[in-house]
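I have placed the structure first, in the form of structure tokens, so that the comments after it can refer back to it.
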Ligand code: FAD
């Protein structure tokens, strides 16, 4: 399998891209699909220690799927939790759409 870093970079790209394409006003079925996806992802992610910590995070911080910005900010918080654990800089979650959806303005 790919190493934990290559897998991680590709997976964060996928997850933040899913947030970026999620509707601003999702239907209840879109909300329940996203919640199911996050929970299944946390069981299937092929870095087991990563997945276990991610499940713990989900238990502490319930995924917010009510809107694109709610989910994007929740996911940013989950990514920051891993950043802290690995000693990486924290990302300013007010700017997640600039990084993953609209492009930087400066
Ligand atoms: P990454 O952390 O992969 O980030 C990619 C890009 O995302 C960055 O360059 C930046 O532009 C942007 N970014 C950074 N932070 C945020 C944020 N908070 N919100 C939005 N965008 C952001 N690795 C381990 O060693 N141990 C673990 O327990 C572990 N758990 C993981 C759990 C999950 C669910 C995932 C998806 C990955 C996990 N990883 C873990 C991998 C780790 O998070 C990194 O992906 C890997 O170390 C490569 O880091 P990177 O510096 O290339 O940037």
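Of everything listed in (1) surrounded by 15 or more Cβ atoms within 10 Å (Cβ to Cβ); (2) without any contact (Cβ under 8 Å) to a residue 24 or more places away in the chain, the single unmet condition for residue 20 is (2).
Across the range 89-106, the number of residues qualifying as free of Cβ contacts under 8 Å to residues at least 40 places away in the same chain, in a helix (DSSP H, G or I) and near the ligand (Cβ under 7 Å from one of its atoms) comes to 1.
I'm trying to understand the selection: among the residues of the range 67-88, which are near the ligand (Cβ under 8 Å from one of its atoms) and farther than 20 Å from residue 10 by Cβ? Matches in the range 67-88: 77 only.
From the list 36, 32, 67, the lone residue that is exposed (fewer than 12 other Cβ atoms within 10 Å of the Cβ), more than 13 Å from the chain's Cα centre (by Cα) and modelled with pLDDT of 95 or more is 36.
Listed conditions (1) within 14 Å of the ligand (Cβ to nearest atom); (2) surrounded by fewer than 17 Cβ atoms within 10 Å (Cβ to Cβ); (3) without any contact (Cβ under 8 Å) to a residue 40 or more places away in the chain are all met by residue 46, apart from (3).
The values are calculated or read from the model by the stated rules, or taken from the named source; none is laboratory data. Small disclaimer: the values here were computed from a predicted structure and weren't measured. We place every Cβ from the backbone using ideal geometry, glycine too, and count neighbours over all the protein chains shown.
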